[in-house]
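Since every read-out is calculated from the coordinates, none of them should be taken as a lab result. What you see is a predicted model; the values in this text were computed from it and never measured. Using ideal geometry, Cβ is built from the backbone for each residue, glycine included, and neighbour counts are taken over all protein chains shown.
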Amino acid sequence: MNNLNAQIALGDIYLNDKTAENGPQKAFDLYMNASLNGNPLASYKVAMMYKNGTGVGKDMEKYREFLKMSVEEGNREGILESRNPQ
């Protein structure tokens, strides 16, 4: 799947579908691929998954790394999160 927006959309489906086996992990994999290919929204979503431990082990260092990527790429949600990371 080469379309990064489609990967994010599919990741959202896996993340929100409570019946999908390993949904959060599948969502994380899709978001990570899109992030590593330069999608700022995907970088934000990966950061939040690391922050919350959804689909991946909680890792605040990786949260900050991917949040920084999303901010540098101009993602609005990432910018807002970076101002109030809690």
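Just checking, does the stretch 30-37 include any residue being over 11 Å from the mean Cα position of the chain (by Cα) and not in a loop (DSSP other than H, G, I, E, B)?
At the first step, the residues of the stretch 30-37 found to be over 11 Å from the mean Cα position of the chain (by Cα) are 37.
So of that shortlist, the ones also not in a loop (DSSP other than H, G, I, E, B) come out as none.
Looking through the stretch 30-37, none of the residues is over 11 Å from the mean Cα position of the chain (by Cα) and not in a loop (DSSP other than H, G, I, E, B).
State all residues of the stretch 68-86 that are within 22 Å of I13 (Cα to Cα) and part of a helix (DSSP H, G or I); if no residue qualifies, say none.
Correct list: S70, R76, E77, G78.
Can you find a residue in the stretch 40-51 that is assigned to a helix (DSSP H, G or I) and free of Cβ contacts under 8 Å to residues at least 12 places away in the same chain? Write out each step before concluding.
As a first pass, look at the stretch 40-51 and keep what is assigned to a helix (DSSP H, G or I): 40-51.
With free of Cβ contacts under 8 Å to residues at least 12 places away in the same chain added as a condition, the list becomes none.
No, because not a single residue in the stretch 40-51 is assigned to a helix (DSSP H, G or I) and free of Cβ contacts under 8 Å to residues at least 12 places away in the same chain.
Would you check which residues across the stretch 49-66 are touching a Lys or Arg at 6+ places or on another chain (Cβ under 8 Å) and over 17 Å from G23 (Cα atoms) and list them?
If the condition is that a residue be touching a Lys or Arg at 6+ places or on another chain (Cβ under 8 Å) and over 17 Å from G23 (Cα atoms), then K51, M60, Y63 are the ones that fit.
Select from the stretch 13-29 the residues that are surrounded by fewer than 18 Cβ atoms within 10 Å (Cβ to Cβ) and within 10 Å of the chain's Cα centre (by Cα) and list them in ascending order.
Scanning the stretch 13-29 gives a single hit, D29.
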